[in-house]
Amino acid sequence: MEIIILMSVVPDTSVKIKLTADGLPDMKEIPWIINPWDELALTRALELKEDPGNTVNKVTLLHVGPSTHGQVLRKAMAMGADEAVRIEATPRDSYETAYHIVAFLQERAFDLVLAGIESSDYNGAAVGGLVAGMLDIPSVSAVTGIQTEGDKLHVVRETDGGRETLRMPLPLLAVVQKGIAKEPRMPSMRGLMMARKKNIHVIEPGAVDSLTEYARFELPPPKPPCHMVDATNPGELLELLENESKVIHLS
Amino acid sequence: MSILIFAENRNGKFPRHVPELVTYGRQLADQFRVQAIVLAPGRMDHPELAALGKYGAHRVLSVPDQSLDVMDNRMYSDVILEIAGEEDAEILLFAYSNAGKALAPLVAAHLQAAYVSAITGLPAGTDPFVVRKKVFSGKVFTDIFVKTRKKVFTLAPHSLEASEHYDPVTPEIRHVKVHENRNVTERMEIKSQEGKLLLTEADIVISGGRGMQHPDNFKLLEELAALLGGATACTRPVSDEGWRPAEEHAGQTGKIIAPDLYFAFGISGAIQHLAGVSSSKVIAAVNTDPEAPIFEVADYGIVGDALDILPKMIEEIKRRKHV
Ligand SMILES: Cc1cc2nc3c(=O)[nH]c(=O)nc-3n(C[C@H](O)[C@H](O)[C@H](O)COP(=O)(O)OP(=O)(O)OC[C@H]3O[C@@H](n4cnc5c(N)ncnc54)[C@H](O)[C@@H]3O)c2cc1C
């Protein structure tokens, strides 16, 4: 069984975003990372591949993005992925990303596709679902656990008031979130060496037009300074929360 | 044309975000002078359905099919698409919940509609159609121009206050042909957090970080939460260490919440943590370090030891409430 990971590359999540003179997010000198959820998805896929009790034998990365993302893709390869495919495009919205991924998957057999719930830059929460919809294949979302059982999967899905364990057949697209793996895996020395030898397949994109456009960006207005209360008088803070901001009720 | 609102069924009841979503749908429908129609899948009592009229639903369509008890993504999206076709829905609204995030993009793909998730308010303009949302995990706001006639959105939690201005309506029962062969989801087990106030629905959230020092000290947070009628949350290291259950982890990689009050004890205020809580109406923080970044986003703060301040606060509340 092959697992394909839809991987997004995003600005380091601890970076403060500034806007350029044209009012666009300033991406100069920003360190790029593997989107945190995709990193967890990849980690889980590798755990499954290494577990002799199941039939996963290949983990493939699929990325839509420019060549400048190559370094991050290499790091993901160093974690242990077998193959990487990069579709040479700079998508303007999640529909364009999904379009390129669908074009690739239509030409090729696949079993399990994993997507992260969102990317930490544009927070679209879209690509996984759009791909499943466009391919009209079975999908499951809010996934926090995956186990194989012969040619089926056991999937743990978070619901808004609990969790369910589901049995689902392949092929399947699963949208995963926190919990799918405990900690992202660190690339080993050996992994880094191997990754240098592995090939990244680059594919030319088809033509597509976005369905949305970013019209304008704006930084949130600065917050007024924090109202400090003396540590000897916690009652005063309760007073303020009750009477000034009216968010608690004590009487 | 109409606006179609997807109202989730949680064990025969509507979750708390549904009234917000219906209120929003009605306001949008009024802008276009069209109907706001609610689609409620699964079995549900008549009064529960009728009550959505109060929030502005012109019509409530119930699809009480037993096969919808377990959510299969494709079967659900088939049902939504069928109703959307019959009702000529131009805008489809979902909650920014697990189910909404699962279904909205599927439906958008089939309709070839533009999809924007977690929009934060009414459109800034309708010609051209422009919606607002936060990007970079809350660090930047953006206006998005939506180019297609059909549109699918999820609404960010607490984007507006639910309001009951209208009268209940008589729900209509719809029978949609459910294609069982499209359903591949077999449920083996279910665990629900019955009786517990859900973190994503709480108005007050009392949260602890590594500064709480020890798992036992979280009893203080639980006590404060119980007294104020709130839920408890924590930071990622706290849940990673197993001090608290994983479902309490708030932040970019955990739950995104927006309560009226977020009360942070011993939390440094790392950017990834703030990504999950910065939409709270009021943030209060207790931290020993006056330089802790949490104070840059907090409305109220105390520089001090949480383990010393919590018991005092609890005492004070008990005194005020005479318990
Ligand atoms: C990709 C990525 C995603 C992440 N996602 C998340 C996320 O979703 N959620 C999240 O929370 N974190 C997340 N993190 C981790 C985040 O960067 C921080 O490490 C984490 O939020 C810090 O948790 P903390 O505030 O509990 O601990 P610390 O940063 O260690 O802060 C503890 C605070 O307690 C104070 N303190 C100590 N003793 C006391 C006392 N007795 N009384 C009062 N105050 C005291 C200290 O001054 C300090 O400010 C993520 C990190 C990465 C890299």
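The values are calculated or read from the model by the stated rules, or taken from the named source; none is laboratory data. Nothing here was measured: the structure is a model prediction, and the numbers come from that model. Don't worry about glycine lacking a Cβ; one is built from the backbone with ideal geometry, like all the others, and counts go over all protein chains shown.
Quick notes
- Test: B:K177 is outside any strand (DSSP E or B) and either without any contact (Cβ under 8 Å) to a residue 60 or more places away in the chain or more than 14 Å from chain A (Cβ to nearest Cβ) (or both): yes
- Scanning the stretch A:90-143 for residues that are of a type in the set (G, A, S), in contact with an Asp or Glu (Cβ under 7 Å, 6 or more places away or on another chain) and more than 8 Å from chain B (Cβ to nearest Cβ) turns up just one, A:G116.
- Residue among B:A108, B:A57, B:A36 that is out of contact with any Ser or Thr (no Cβ under 7 Å at 6 or more places or on another chain), surrounded by 24 or more Cβ atoms within 10 Å (Cβ to Cβ) and within 11 Å of another protein chain (Cβ to nearest Cβ): B:A108
- The stretch A:3-32 - residue that is within 14 Å of the ligand (Cβ to nearest atom) and more than 12 Å from every other protein chain (Cβ to nearest Cβ) and, of those, nearest to A:L153 (Cα to Cα): A:S8
- With respect to the conditions (1) touching a residue at least 12 places away in the same chain (Cβ under 8 Å); (2) more than 8 Å from every other protein chain (Cβ to nearest Cβ), B:E315 falls short on a single one, namely (1).
- The residue that is farthest from A:T90 (Cα to Cα), counting only those in the stretch A:197-233 that are in contact with a Gly (Cβ under 9 Å, 6 or more places away or on another chain) and not in a strand (DSSP E or B), is A:T232.
- Pick from the stretch B:111-127, criterion assigned to a strand (DSSP E or B) and under 19 Å from the mean Cα position of the chain (by Cα), ranking: farthest from the other protein chains (Cβ to nearest Cβ): B:I119
- In this structure, B:V130 does not satisfy being part of a loop (DSSP other than H, G, I, E, B), away from the ligand (no atom under 16 Å from the Cβ) and either β-branched (V, I, T) or buried (at least 18 other Cβ atoms within 10 Å of the Cβ) (or both).
- Answer residue from the stretch B:142-166, given it is buried (at least 16 other Cβ atoms within 10 Å of the Cβ) and at pLDDT below 95 and is farthest from the chain's Cα centre (by Cα) among those: B:A162
- Applying the condition of being surrounded by fewer than 21 Cβ atoms within 10 Å (Cβ to Cβ) and away from the ligand (no atom under 13 Å from the Cβ) to the stretch B:248-278 and asking which residue is nearest to A:S119 (Cα to Cα) yields B:A258.
- Pairs where the first residue, in the stretch A:229-249, is more than 8 Å from every other protein chain (Cβ to nearest Cβ) and loosely packed, with under 14 Cβ neighbours inside 10 Å and the second is among the aliphatic types (A, V, I, L, M) and assigned to a loop (DSSP other than H, G, I, E, B), C-beta under 6 Å, 6+ apart: none
- Residues of the stretch B:226-246 that are more than 10 Å from the ligand (Cβ to nearest atom), part of a helix (DSSP H, G or I), in contact (Cβ under 8 Å) with a residue 12 or more places away in the chain and surrounded by fewer than 21 Cβ atoms within 10 Å (Cβ to Cβ): B:L227 alone.
- Scanning the stretch B:180-217 for residues that are without any contact (Cβ under 8 Å) to a residue 40 or more places away in the chain and either on the phi > 0 side of the Ramachandran plot or buried (at least 20 other Cβ atoms within 10 Å of the Cβ) (or both) yields one hit, B:G195.
- Listed conditions (1) touching a helix residue (DSSP H, G or I) at 6+ places or on another chain (Cβ under 6 Å); (2) crowded, with 24+ Cβ neighbours inside 10 Å; (3) within 30 Å of A:L24 (Cβ to Cβ); (4) not acidic (D, E) are all met by B:G138, apart from (2).
- For the stretch B:274-312, a tally of residues being among the acidic types (D, E) and in contact with a His (Cβ under 7 Å, 6 or more places away or on another chain) returns 1.
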